[in-house]
Structures are given as structure tokens and as C-alpha cells.
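The values are calculated or read from the model by the stated rules, or taken from the named source; none is laboratory data. Since the structure is predicted, the reported quantities are computational estimates derived from the model, not experimental observations. So basically every Cβ, Gly included, is an ideal-geometry build from the backbone, and we count neighbours across all protein chains shown. Each accessible area value is taken on the protein alone, full model and side chains, heavy atoms only, with ligands, DNA and RNA left out. Shrake-Rupley method; radii C 1.70, N 1.55, O 1.52, S 1.80 Å.
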Amino acid sequence: MSDTLFGKIINREIDADIIYEDDQALAFRDINPQAPTHFLVIPKKAIPKLSDADEGDQILLGYLLLVARRVAAQEGLEDYRLNINNGPGASQTIFHLHLHVLGGRSFSWPPG
């Protein structure tokens, strides 16, 4: 798992502003925020991208959404956007599944 930036964060090889952690997930502030509040939620299990998840990951994937909700509330967000990029054509640059949680401003549709 330590071969990605996020694996190194999980293993504490790289510092991050961690705002939530349990045995399955980690949430930390994005280093290049696109909104006043922008954090990432990642599983501790190494799943490169959403399309690599399988049926055995169903509970973990749902759990990540609950962590996003919990941390958004902790951060005082009532309205927020969740985003998952899947693959390089969708702007995924780190191949460890992650949810972007953005809030603190209005968003337009469709996204850029």
C-alpha cells in the first residue's frame, strides 16, 4: 500500500492534516483545496480506483460515504459536494480510491 502518496499517508511516511481516522478509513485536508473546505476520504484498503472495487467492497464503499457525512458535519458543512474521479481521463492523479468532499461555497452544474 505504501507505493502511493495516500498509502504513505496511511503509513505515516508523509505528513497530512488528518481530521478523522478509524480502522477502515482516513480523512485529511486536500493540499490544493478547490473550496473553502476540501478534504479527502480514503479507505485504508488499497483500491486503485472505483472501477477496481468488487462485490466484497460493497460495505466499505458505503462506509466511506458515512465517513464523508460524519466529517462534513464535524467541519460544519450543511451543503457539500462529493466527487470521485475514476481514471486519468476523469482527472484521477493518485491511484488510491478517494472521495473529495468540498463545501463552503456554491457550486455550478455541470461541474468543470
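Need pairs with beta-carbon distance below 6 Å; first residue without any contact (Cβ under 8 Å) to a residue 24 or more places away in the chain and within the range 88-112, second part of a loop (DSSP other than H, G, I, E, B); sequence gap 6+ or separate chains.
S91/N85
Restricting to the range 65-109, and then to whatever is surrounded by fewer than 17 Cβ atoms within 10 Å (Cβ to Cβ) and aromatic (F, W, Y), can you tell me which residue is modelled with the highest pLDDT?
F107
Residues being in contact (Cβ under 8 Å) with a residue 12 or more places away in the chain, open to solvent by 10 Å² or more (accessible area, probe 1.4 Å) and in a loop (DSSP other than H, G, I, E, B): count how many of those fall in the range 36-64.
So the answer is 7.
Against the definition (modelled with pLDDT under 95, surrounded by fewer than 17 Cβ atoms within 10 Å (Cβ to Cβ) and more than 14 Å from the chain's Cα centre (by Cα)), how does G112 come out, yes or no?
It is true that G112 is modelled with pLDDT under 95, surrounded by fewer than 17 Cβ atoms within 10 Å (Cβ to Cβ) and more than 14 Å from the chain's Cα centre (by Cα).
Counting only residues that are open to solvent by 40 Å² or more (accessible area, probe 1.4 Å) and either within 16 Å of L60 (Cα to Cα) or in contact with a Pro (Cβ under 9 Å, 6 or more places away or on another chain) (or both), how many does the range 21-35 have?
Residues that pass the stated criteria total 3.
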